[in-house]
Amino acid sequence: MQKRPHTPTLSLAGFATGRNGARRPDLIERLAVHTAEREQTQLLRRLRTVDRADGPWLDVGNGRLLSFCGNDYLGLAQHPQLVAALARGAREQGVGSTSAHLICGHRTEHAELEEALAAWTGRERALLFSTGYMANLGVLQAVLTRGDLCVQDKLNHACLLDGATLSGAELKRYPHADAAAAARQLASNAGAAALLATDGVFSMDGDVAPLRDLANLCTREHATLMVDDAHGLGVLGPRGAGSVGEAGLGQAEVPVLMATLGKALGCMGAFVAGPAALIEGLIQFARPYIYTTAMPPALAIAALEAVQLAQADEWRRDKLFALIARFRRGAAELGLPLAASTSAIQPLLLGSATAALAAAQTLERRGLLLSAIRPPTVPSGQARLRITLSAAHEEAHVDRLLDTLETLHLPPAPRAATDDPV
Ligand SMILES: Cc1ncc(COP(=O)(O)O)c(C=O)c1O
């Protein structure tokens with residue numbers, strides 16, 4: 001006799017009764033409970049649909065908001081040359097790459113972009129990934145294995161932490177930017193193969209990692225240093241080569257460099273740059289590289305255009321840093337609780353999630369879009385407004401932001417957070 005498939009019956013409490021009568025939790029209902037908990041604690045994330053972007057201006061519903069929350073640091077996302085390159089690429093190559101790099105998705109345009117990225121960052125080779133998230137998962141999963149040690153800054157981006165978990169290596173996190181603590185963690189397992197991974201510019205804090213100290217430590221300890229320069233590339237360093245370039249560190253000191261194409265370059269995607277042996281190994285073993293469709297070749301053409309503009313247009317960095325200085329000067333005069341950051345990411349530390357959310361909502365009512373960053377993205381009690389500046393902004397935009405922030409009567413800056421040079 002053919003067996004009938006068992007259809008579980010859902011109880012009111014979200015439990016289904018299994019074949020042997022055991023009560024099994026319903027996964028979707030459990031998720032709904034967690035979502036409701038987030039809502040109660042002011043931590044719910046909400047999706048916003050933007051109708052149209054026009055530089056830093058966003059059309060949302062019936063209103064127009066001046067945005068200070070994107071990562072288009074050089075103002076390239078809508079550059080006519082990028083738009084034309086994307087359109088030309090689509091006309092010539094179609095939209096999709098049709099397969100993974102290792103099947104037939106790897107095109108001349110990808111290879112040319114990889115060469116340009118390697119040359120820009122002073123590395124032997126580069127390898128494209130579809131996103132920065134996948135690049136970090138790919139590197140960590142490919143180079144580390146069970147029994148290895150992965151030492152990371154506590155404030156590293158989520159995908160570096162997730163990559164370490166995926167790799168099966170022992171993960172040890174050191175207090176933010178504390179190279180001495182990183183040294184202790186490396187020493188705690190001296191015999192293990194070790195990778196030390198850090199953001200170059202921290203995504204929620206905007207400060208730069210102590211890269212030279214970490215490089216010296218890794219050299220001493222025979223550990224491999226990996227830097228995620230998602231927020232440094234294009235912004236810092238000679239010709240925008242990034243935080244690693246600014247620290248004067250070559251491939252020997254930072255053998256694994258990851259950066260994204262979706263922030264200062266205004267496109268989407270990411271790359272890993274380093275020695276040929278690293279790149280060859282990633283092609284063999286990085287599962288998020290192997291088992292996914294290659295980025296559209298038209299996007300690679302647009303990204304190459306962005307790389308050339310980012311290197312050549314020094315004025316974009318000059319303008320961005322003039323706006324950062326203007327904002328920091330104004331914020332210091334107003335006594336705003338500004339974090340010690342000299343990058344395009346300028347957090348205002350508000351503490352509670354409720355305070356950060358209320359401030360963001362008030363600003364939005366006054367025409368400004370800023371993101372309230374709350375736990376779990378940042379530690380509990382460290383909620384903030386993450387303000388980002390761009391070469392697409394004008395001085396008048398920064399002044400409007402300062403004027404509006406003044407009306408919020410935010411709590412004053414803790415002493416340590418304001419005394420960095422502007
Ligand atoms: C430091 C850092 N690394 C990696 C990523 C992920 O990059 P992507 O958005 O390309 O996935 C981000 C941002 O999203 C980031 O801030």
Take the Cβ-Cβ distance between residue 31 and residue 187 as r, set R0 to 51 Å, and report the resulting FRET efficiency rounded to the nearest 0.05. 0.80
I need the phi-derived Karplus couplings for the range 20-27: 6.51 cos²θ - 1.76 cosθ + 1.60, θ = phi - 60°, integer Hz, Gly and Pro marked x. 9, x, 6, 8, 10, x, 8, 5
Residue-normalised accessible area of the chain, expressed per residue, 1.4 Å probe, Å²: 47 Å²
Just how large is the dipole of the chain about the Cα centre, in debye to the nearest 20, putting +1 at every Lys and Arg Cβ and -1 at every Asp and Glu Cβ? 1560 debye
Indicate the gyration tensor shape class of the chain (rounded, prolate or oblate), computed on the Cα atoms with a ≥ b ≥ c the square roots of the eigenvalues: a/c under 1.5 is rounded; otherwise a/b larger than b/c is prolate and the rest oblate. rounded
Approximate spin-label separation residue 212-residue 20, in nm, with each point projected 7 Å along Cα-to-Cβ: 6.5 nm
Which residues qualify? For residue 225, with a placed amide H closer than 5 Å and at least 5 residues away or on another chain, they are 196, 256
To the nearest 20 debye, what charge dipole does the range 262-398 have about its Cα centre, counting +1 at the Cβ of each Lys and Arg and -1 at the Cβ of each Asp and Glu? 480 debye
Efficiency of FRET from Cβ geometry, residue 64 and residue 395, R₀ 25 Å, rounded to 0.05: 0.80
To the nearest 0.05, the calculated FRET efficiency linking residue 108 and residue 57 through their beta-carbon distance, R0 being 35 Å, is 0.45
Ordering 409, 397, 110, 176 by the accessible surface of their heavy atoms, 1.4 Å probe, largest first, yields 409, 176, 397, 110
Check which residues have an amide H placed less than 5 Å from residue 174's amide H, if you skip close sequence neighbours. 152, 153, 154
Using a Gaussian network model of the chain whose springs link C-alpha atoms within less than 10 Å, name the residue from 47, 278, 195 with the highest mean-square fluctuation. 47
Gain upon complete extension [residue 158, residue 409; 0.36 nm per residue less C-alpha separation]: 87.1 nm
Relative contact order, percent, the range 207-258 [alpha-carbon distance under 8 Å, six or more residues apart]: 38 percent
Cross-link partners among aspartates and glutamates for residue 263, C-alpha distance below 12 Å, same-chain residues fewer than 8 apart left out? 72, 229
Indicate the gyration tensor shape class of the range 218-260 (rounded, prolate or oblate), computed on the Cα atoms with a ≥ b ≥ c the square roots of the eigenvalues: a/c under 1.5 is rounded; otherwise a/b larger than b/c is prolate and the rest oblate. prolate
Starting from 0.36 nm per residue, how many nanometres of slack lie between residue 88 and residue 361 once their C-alpha separation is accounted for? 94.2 nm
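The values are calculated or read from the model by the stated rules, or taken from the named source; none is laboratory data. Bear in mind that the values here come from a model prediction, so they are computed numbers and not experimental data. Positions of Cβ are backbone-derived with ideal geometry, glycine not excepted, and every protein chain shown enters the neighbour counts. Surface accessibility is based on the protein's heavy atoms, side chains included, excluding ligands, DNA and RNA. Shrake-Rupley method; radii C 1.70, N 1.55, O 1.52, S 1.80 Å.
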